[in-house]
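I have placed the structure first, in the form of structure tokens, so that the comments after it can refer back to it.
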Amino acid sequence: MERREQWQEMKSYVGFDEVADGARLRSAVPAVTAALPRIVDRFYAAMAGFPEALAVFADDTQVERLKRTMRVHIIEMLSGPWDLAFLERRLRIGAVHVRVGLPERFVFTAMNLLRHDMIEIMRLSQPDLEHGWQIAHSISRITDLELAIMSSTYMEAHEERQLRTLQDLIVHNLPVTVLCLDETGHVTSATHPSSRLFGSTAEIGRHYESFLPPDLVEEADLPTCVGRALHTGKTITIPRVSLGSGGTQRDFRITLVPLDHELARLLLHIEEMTDVLAAEARVQQAEALARIGSMAAHLAHEIRNPLAAISATLQVIVASLPAEDRRRSILGKVQVQIRRLDRLVTDLLGYSRPAQPSLRVANLLGLANQAVSESGVAATVDVHEDAPVLVDVGHVC
């Protein structure tokens, strides 16, 4: 709804008739004008009784100036015209009250005091009681409108303050750094800077070259990029700026956005990409390991099939040999190695498809001797204390 429509709605709501009420208010001007000094002095004397209200006044000179302004204000309120210009003037007065920090409750109490004095003056000056009451009603309607206007300025200020608080909260907790620069390159505004990135040099009003870390400015060639963005009016993105090396390397993405504002000509957006790039590297590594695992599974299957055939053939051959045939022991050793290869293939499959260990109680000395025997390495097993252990024998030997 436009302001003009709002104003008409307000007048309609309180029943303010610009013709009838306007005539009655104008008829009150002479009597109120004669009593203005007393009305204004009483008004400010009442304000002086409250330290919180008195605190908005700088000195007596200001109070005298405000008294003169108030006299004009009262006559305008009674004289009209009560048009859009009247509304705009009252809104400006309300904005001043908000700006100087006058608590809203004093606006209501002060207007009530003013209304009471004007109605009392008209009651005493009017011989016709009925006409006096009609003027009193008109005064009540216009002062109600004044209060509504003043109250709206406080409401708008409250909403704006809430919005600004929310914006400050959001900006303060942004995970990125945003700087606003004027035409000379000085920082006019900034998000809460990361001390990890900026240290103690991040102060509003500094030139961006001293606000930002020198190595970041140099590596990104920011003076050239800032000049080009301001000259062309086009957004410039620097995809990756790396500082340091090895385990201490940090990566940033910088975007320069030209602005058209009296306090900011350029927005500098700096986003640290170190954690993001590290996460991407971990994902790529995981994908590579997954491919290796898939290949290992395929290779294991290809090896296991011929191993099974060889093992079965050896079993047939050994079974066909006489018990005293010396070749049985040689082929037995071959079978042991085939079983060992089969376990290695099983381990290779486990790399691509990890299995839960099957634990059972086994003898430590026996496991050690078995491992040495199957390795084919000449060694002596020395166990300090032979004891049962809970292991997966297939994973140990």
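The values are calculated or read from the model by the stated rules, or taken from the named source; none is laboratory data. Every value quoted in this text rests on a predicted model; they were computed, and no experiment measured them. With ideal geometry, Cβ positions are generated from the backbone for all residues, glycine too; neighbour counts draw on all protein chains shown. For the accessible areas, the whole protein counts, side chains as well, though only heavy atoms, and no ligand, DNA or RNA atoms are used. Shrake-Rupley method; radii C 1.70, N 1.55, O 1.52, S 1.80 Å.
Quick grid of which residues meet (1) closer than 25 Å to ARG141 by Cβ; (2) open to solvent by 40 Å² or more (accessible area, probe 1.4 Å); (3) without any contact (Cβ under 8 Å) to a residue 12 or more places away in the chain:
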site	(1), (2), (3)
TRP7	yes, no, no
TYR13	yes, yes, yes
THR33	yes, yes, no
ASP41	no, yes, no
For the range 8-34, which positions are part of a helix (DSSP H, G or I) and under 50 Å from the mean Cα position of the chain (by Cα)? GLN8, GLU9, MET10, LYS11, SER12, TYR13, VAL14
I need the full set of residues from the range 1-39 which are over 22 Å from GLY132 (Cα atoms) and either in contact with a Lys or Arg (Cβ under 7 Å, 6 or more places away or on another chain) or among the acidic types (Asp, Glu) (or both), in order please. GLU2, GLU5, GLU9
Quick one: what pairs do we get from the range 114-127, first residue closer than 12 Å to SER27 by Cβ, second not in a helix (DSSP H, G or I), C-beta under 8 Å, 6+ apart or different chains? MET122/ALA28
If VAL389 meets every condition in (1) open to solvent by less than 70 Å² (accessible area, probe 1.4 Å); (2) modelled with pLDDT of 80 or more; (3) of a type outside the set (D, E, K, R) apart from one, which number is that one? (2)
Helices (runs of 4 or more DSSP H) completely within the range 82-188 that count 1 or more residues being open to solvent by 30 Å² or more (accessible area, probe 1.4 Å), out of contact with any Cys (no Cβ under 8 Å at 6 or more places or on another chain) and among the hydroxyl-bearing types (Ser, Thr, Tyr): 104-125, 129-172
Which of the residues that make up the range 66-81 are in contact (Cβ under 8 Å) with a residue 60 or more places away in the chain and crowded, with 17+ Cβ neighbours inside 10 Å? MET77, LEU78
